[in-house]
Amino acid sequence: MEISRVTSKGQITIPIEIRKKLNLETGDKVVFIEQGDKIIFANSSMIALREFQEGMKGEAERAGIHSEEELSKLVKEVRKELWEKKYADHD
């Protein structure tokens, strides 16, 4: 358990071990989530990533992608198409 003191301005210092566990860097945003009588403190980027992952769950299968190789191939094809579209008129 880590302890920190609240300043008169409502600020706290996040202990180094907690910053490491949450992968927090200077300038990162944090989120406070209320759950009953507890407040969860988290790296907002990680929460956003988890929400995105949950939202995308099953989409690959619905699109007919069943392996990492198929996904990688699709990403390469899309990147190639975008590259060609962007630079097609720059010959």
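The values are calculated or read from the model by the stated rules, or taken from the named source; none is laboratory data. Everything quoted here is computed from the prediction, not taken from an experiment. Don't worry about glycine lacking a Cβ; one is built from the backbone with ideal geometry, like all the others, and counts go over all protein chains shown.
I need the full set of residues from the range 33-47 which are surrounded by 10 or more Cβ atoms within 10 Å (Cβ to Cβ) and not in a strand (DSSP E or B), in order please. Let's see the steps before the verdict.
First pass over the range 33-47, keeping only residues surrounded by 10 or more Cβ atoms within 10 Å (Cβ to Cβ): 33, 40-47.
Selection gives Ser44, Ser45, Met46, Ile47.
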Can you tell me which of Arg50, Arg79, Arg19 is within 20 Å of the chain's Cα centre (by Cα), surrounded by 10 or more Cβ atoms within 10 Å (Cβ to Cβ), at pLDDT 85 or above and assigned to a helix (DSSP H, G or I)? Arg19
Glu61: surrounded by 10 or more Cβ atoms within 10 Å (Cβ to Cβ) and among the acidic types (Asp, Glu), yes or no? no
Where the second residue is modelled with pLDDT under 95 and among the small types (Gly, Ala, Ser) and the first is farther than 18 Å from Ile40 by Cβ and lies in the range 3-18, which pairs have Cβ atoms under 7 Å and are six or more apart or on separate chains? Thr13/Ser4
Consider only pairs whose beta carbons are under 6 Å apart and that are at least six residues apart or on different chains; among these, list those whose first residue lies in the range 45-70 and is without any contact (Cβ under 8 Å) to a residue 24 or more places away in the chain and whose second residue is not in a loop (DSSP other than H, G, I, E, B). Ile47/Val31; Ile65/Leu71
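Would you say Lys29 is over 15 Å from the mean Cα position of the chain (by Cα) and of a type outside the set (A, V, I, L, M)?
On the way: over 15 Å from the mean Cα position of the chain (by Cα): no; of a type outside the set (A, V, I, L, M): yes.
Considered against the rule, which asks whether it is over 15 Å from the mean Cα position of the chain (by Cα) and of a type outside the set (A, V, I, L, M), Lys29 comes out as no.
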